[in-house]
Amino acid sequence: MPPCSTTAKPICRRSCRQELLDHYLDCLAGYIDLDRAAFMEHYYAYVYVRILQAMGTYGFRDSMSARRISCRASLCAEEPALARS
């Protein structure tokens, strides 16, 4: 798979994601007293929330883009000189 993908598929395989998570937890355990079981009990809920945040951001961006296009079109219809500036 190419490094950049335009599909909705994950770029990193499940085994790669698990390896990255293990590495992150190993590094984190060097700084704090880490209970891995307690961390993992809540980890996937945080992942889910983060995905929802990202999806909301893209939805908001798209709605703002559509609104900007709509506003520009109405400016052109009402006052062509304002739309050019």
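Yes/no matrix, rows are residues, columns are (1) surrounded by 11 or more Cβ atoms within 10 Å (Cβ to Cβ); (2) out of contact with any Lys or Arg (no Cβ under 6 Å at 6 or more places or on another chain); (3) among the acidic types (Asp, Glu); (4) not in a helix (DSSP H, G or I):
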{"position": "11", "(1), (2), (3), (4)": "yes, yes, no, yes"}
{"position": "19", "(1), (2), (3), (4)": "yes, yes, yes, no"}
{"position": "32", "(1), (2), (3), (4)": "no, yes, no, yes"}
{"position": "42", "(1), (2), (3), (4)": "no, yes, no, no"}
{"position": "46", "(1), (2), (3), (4)": "no, yes, no, no"}
Please work out if residue 37 is small (Gly, Ala, Ser) and modelled with pLDDT of 65 or more.
-> yes
Confirm whether residue 56 is out of contact with any strand residue (DSSP E or B) (no Cβ under 8 Å at 6 or more places or on another chain) and at pLDDT 90 or above.
-> no
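The values are calculated or read from the model by the stated rules, or taken from the named source; none is laboratory data. All values derive from a computational prediction rather than experimental measurement. Backbone-built Cβ (ideal geometry, glycine too); neighbour counts: all protein chains shown.
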